[in-house]
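What follows is a set of notes on a single structure, which appears directly below.
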Amino acid sequence: MSGDSLPFGQFSRKLIDGKYANVVDIREDLLDSLVFADALNTEAERNKALNHQGQLHFTLTTTPEGQRQVKTDQGSYTTFEHLLADNPAVVAGKDFIIGTVRQLLELTSYLHDQGVLHICFAPDNVLARKNDHRPMLLFHGSFYEDFGDQMALYGDKAAEFIAPEVLDEKVFDTRADIYSIGRFMDYLYRQSEVPIELKGVIRKATETDPDKRYQTPEDMLQAMAVRQHSRSVAMVAAGVLIAALVGYGLYTTMNPEPEKIEFVKAAPEAPEDDLLDDGLDPTTELGLPLDTTMASVDERKMREYNSKAEQIFRKQFTRKAEGILSKIYNNERMNANEKAFLATSQSTMQELVKASAQLGIDAGLPASRSQLIAGQIIEAVSNRLKAQADSRRKARVNGFSATRRTQPEEESPLTARPRATEAEKTPEATETTQPPENADPSDPQTTPKKTIRQREMEMERHGIPIIGREKDKNNE
């Protein structure tokens with residue numbers, strides 16, 4: 001590769017000692033500065049200890065002609081300025097811009113931990129690996145803080161990518177990198193339209209007041225993840241809401257509202273088993289130490305980490321979704337009018353969006369993966385709760401009908417006749433009780449008592465109808 005111009009010099013591929021190597025021929029006007037020369041030597045020493053897959057390493061050499069030269073790692077690289085000039089359509093690739101910015105933020109976070117600031121993320125100061133377009137960084141601005149005029153160091157076209165406080169007040173801190181990355185992100189979207197959910201991210205990152213920006217790369221990463229995740233889950237939730245409304249229409253059209261027989265109390269929500277609240281830290285207990293970069297984790301450990309993170313997310317979000325969706329899939333809500341059902345559904349879906357976004361971030365899952373899993377869980381839980389609601393409704397309707405068919409009519413207190421006890425049904429109970437000797441016939445205490453059967457027989461002899469007899473026969 002030849003012809004790529006970096007702020008510090010010309011980046012090219014040259015044949016050295018029979019082998020091709022990537023070199024940077026440092027600008028002569030910079031080499032004439034003792035401050036720059038000392039800073040370059042200091043960075044060369046510090047560069048050896050920077051261990052990240054997005055960091056290029058270099059050594060200082062001298063050509064046979066005595067010119068100072070920088071020799072970098074092997075590989076094919078080009079600047080983002082050159083990449084987009086040759087192939088503008090590359091920005092339309094799936095996750096190209098988001099992936100590039102995310103990788104830059106992760107690399108910048110690592111550099112900040114090492115006490116290094118990049119300062120200028122101009123398109124000609126960020127390299128792209130040719131095979132996968134991964135962003136790579138070479139020289140870092142914080143080593144050249146004492147150089148003085150930063151415009152003389154980076155060139156006029158880099159001015160829009162350097163934070164105002166660096167140019168005006170020579171203030172170097174982590175928020176200057178946030179500003180520069182925000183400008184670089186806006187540059188990438190000049191070839192296409194900025195997604196609405198990311199406009200706010202770029203606007204906040206490029207605030208002129210450092211206190212109003214994201215304070216760390218992690219803050220900006222989280223904001224991007226939440227906004228993207230919220231949009232994806234909102235689309236899934238909208239699909240579920242439409243399905244719920246269609247189901248509601250079919251439910252109310254084909255099934256008339258049954259009489260309310262009993263009040264069904266909703267089951268209490270099971271307490272959420274939040275593994276993260278119990279002290280589980282995905283970055284340590286899932287096999288990923290805090291001070292270990294992704295480059296140092298082999299493929300097998302990454303698969304184990306992702307698998308465990310998905311298990312945590314599935315368990316937590318399933319319980320959360322069951323509790324949230326139960327607010328709309330119950331008899332009271334599904335028997336309500338359409339306006340009330342829709343209002344409840346909308347608020348419920350907003351809860352789902354917030355819950356899934358936060359749980360995905362807490363579990364350490366990539367946004368694309370957590371969005372897919374959340375959609376699957378929402379659909380499965382919705383179908384299960386809707387089926388349970390239908391089953392309860394059918395059971396109540398069937399139970400009500402059976403009760404109406406089998407329950408005997410209540411006898412009026414005026415027409416009901418007393419039923420014989422077991423003692424009254426015995427032969428002895430059918431005999432007339434004999435009065436005592438010398439009993440007074442006019443004394444009701446000594447008048448012989450007749451059994452029920454004797455009274456019925458006497459009424460039949462006198463032609464008096466027995467009320468309730470026919471009803472009892474029918475019941476028998």
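Could you list, in sequence order, all residues of region 65-87 that are over 36 Å from the mean Cα position of the chain (by Cα), closer than 20 Å to ARG183 by Cα and not in a helix (DSSP H, G or I)?
THR78
Output the residues belonging to region 363-394 that are free of Cβ contacts under 8 Å to residues at least 12 places away in the same chain and of a type in the set (Lys, Arg).
ARG384, LYS394
Would you point out the residue of region 344-354, among those that are at pLDDT 75 or above and either farther than 21 Å from VAL226 by Cβ or not hydrophobic (A, V, I, L, M, F, W, C) (or both), that is surrounded by the fewest Cβ atoms within 10 Å (Cβ to Cβ)? Before the answer, list the steps.
We begin by selecting, within region 344-354, every residue at pLDDT 75 or above; these are 347-354.
Narrowing further to those that are either farther than 21 Å from VAL226 by Cβ or not hydrophobic (A, V, I, L, M, F, W, C) (or both): 347-348, 350-351, 354.
Values: SER347: 12, THR348: 21, GLN350: 14, GLU351: 16, LYS354: 16.
Step by step, filter region 344-354, then rank; the result is SER347.
Pull up region 196-228, narrow it to residues that are among the polar types (S, T, N, Q) and either at positive phi or not in a helix (DSSP H, G or I) (or both), then point me to the one that is surrounded by the fewest Cβ atoms within 10 Å (Cβ to Cβ).
THR208
Here are some residues: GLY54, GLY66. Which one is out of contact with any Phe, Trp or Tyr (no Cβ under 6 Å at 6 or more places or on another chain), within 20 Å of ASP124 (Cβ to Cβ) and open to solvent by less than 70 Å² (accessible area, probe 1.4 Å)? Explain how you work it out, then say what you get.
Values: GLY66 fails: within 20 Å of ASP124 (Cβ to Cβ).
Residue meeting the stated conditions: GLY54.
Just to verify a result, which residue in region 304-336, among those that are at pLDDT 75 or above and outside any helix (DSSP H, G or I), is farthest from SER382 (Cα to Cα)?
LYS327
Looking for whichever is modelled with pLDDT under 85, assigned to a helix (DSSP H, G or I) and in contact with an Asp or Glu (Cβ under 7 Å, 6 or more places away or on another chain) here; the options are PHE341, PHE400. Which one fits? Outline the logic, then answer.
Details: PHE341 fails: in contact with an Asp or Glu (Cβ under 7 Å, 6 or more places away or on another chain).
Selected residue: PHE400, the only one of PHE341, PHE400 that is modelled with pLDDT under 85, assigned to a helix (DSSP H, G or I) and in contact with an Asp or Glu (Cβ under 7 Å, 6 or more places away or on another chain).
Would you mind telling me which numbered condition in (1) among the hydrophobic types (A, V, I, L, M, F, W, C); (2) within 33 Å of the chain's Cα centre (by Cα); (3) at pLDDT below 95 ALA159 fails?
Every condition holds for ALA159 apart from (2).
Scan region 82-96 and tell me whether some residue there is crowded, with 20+ Cβ neighbours inside 10 Å, more than 20 Å from GLU160 (Cβ to Cβ) and either of a type in the set (Gly, Ala, Ser) or at pLDDT 95 or above (or both).
Within region 82-96, not a single residue is crowded, with 20+ Cβ neighbours inside 10 Å, more than 20 Å from GLU160 (Cβ to Cβ) and either of a type in the set (Gly, Ala, Ser) or at pLDDT 95 or above (or both).
Name the helices (runs of 4 or more DSSP H) wholly within region 98-195 that hold at least 2 residues that are touching a residue at least 24 places away in the same chain (Cβ under 8 Å), under 22 Å from VAL24 (Cβ atoms) and open to solvent by less than 10 Å² (accessible area, probe 1.4 Å)?
Those helices (runs of 4 or more DSSP H) span 150-154, 174-188.
Do you know which residues across region 1-54 are part of a loop (DSSP other than H, G, I, E, B) and of a type in the set (A, V, I, L, M, F, W, C)?
Hits for region 1-54 are MET1, PHE8, ALA49, LEU50.
The values are calculated or read from the model by the stated rules, or taken from the named source; none is laboratory data. From a predicted model like this one, the values you see are computed outputs, not experimental measurements. Here Cβ is always computed from backbone atoms with ideal geometry, including for glycine, and neighbour counts include all displayed protein chains. Keep in mind that these areas ignore ligands, DNA and RNA; they rest on the heavy atoms of the full protein, side chains included. Shrake-Rupley method; radii C 1.70, N 1.55, O 1.52, S 1.80 Å.
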